[in-house]
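Below is one structure; the comments refer to it alone.
Every number here is computed from the coordinates shown, using simple stated rules; none is lab data. Worth saying up front: this structure is predicted, and the values here are computed from it rather than measured. Here the Cβ positions follow ideal geometry from the backbone for every residue, glycine too, while neighbour counts run over all protein chains shown.
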Amino acid sequence: MKTAIRKYVKFIDAISDYVGYLAASLIFFMGGVLMFDAFTRNVINMPVHWAIELTQFTLAAYYFMGGPISLKNNEHVRMDLFYGNLSERGKAKMDLVTIGCLIFFLGVMLVGSISSLEYAIATNERRFSIWNPSVIPIKSLMVVCLVLMMLQAFSLVFKHIATLRGETIE
């Protein structure tokens, strides 16, 4: 494979790793917020209204940010009825077909998320709650993570093409 493709794959894989490890650290943040909420509600009898909602936003960020590394590490859900019996080349061919479907799906999701983000910005969309937070940051993160997932999907395309050619990228 050409050097530019190898650099692309290495760069996107590194970004996916970084974002994935950052997402994994959000578990500790969510745990801290929930413990703070439990403390203020049960010990000092002063409930904070934003804690649960912040945890929900953080959980959404966790899911969005975990997508690219799940693709990269091949840790996503797959129906293994036929796949496990295929050769490496057969798996690469099957993966290219399913990644084509994935790229189409991510493209549709990206168009919808951009539209949703534009609406949120135009209307200064907020959640209807006591805390009343803006949804613009989480919708922005959703767009960025969908782009990163699409870039990671193209990285996988290059890896599977290399497998079909009898080469390796890594």
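Return the whole-Å distance between the Cα centroid of the stretch 38-67 and the Cα centroid of the stretch 114-157. Comparing the Cα centres of the stretch 38-67 and the stretch 114-157, I get a distance of 19 Å. Of the residues MET142, MET46, the one with the fewest other Cβ atoms within 10 Å heads the list, and the complete ranking is MET46, MET142. In the chain, Cα pairs under 8 Å separated by at least six residues give a relative contact order of 33 percent. On the principal axes of its alpha-carbon atoms, the stretch 100-139 has extents of 43, 18, 13 Å, going from largest to smallest.
Against the longest principal axis of the chain, how steep is helix 136-164, in degrees 0 to 90 to the nearest 10, with axes from Cα atoms? With both axes taken from Cα atoms, the answer is about 20 degrees. When only the Cβ of Lys, Arg, Asp and Glu is charged (+1, +1, -1, -1), the dipole of the chain relative to its Cα centre reaches about 420 debye.
Can you divide the C-alpha Rg of the chain by 2.2 N^0.38 Å and report the result to two decimal places?
1.29
Using only C-alpha atoms and all pairs of different ones, pull out the Kirkwood radius for the stretch 1-84 in Å with one decimal. Kirkwood radius, the stretch 1-84: 15.5 Å. Between SER116, ASN73, ILE136, the Cα set farthest toward the positive side of the dipole of the chain (charges on each charged residue's Cβ, about the Cα centre) is that of ASN73. Rg and Dmax of the stretch 94-170, based on Cα coordinates, read 17.4, 59 Å.
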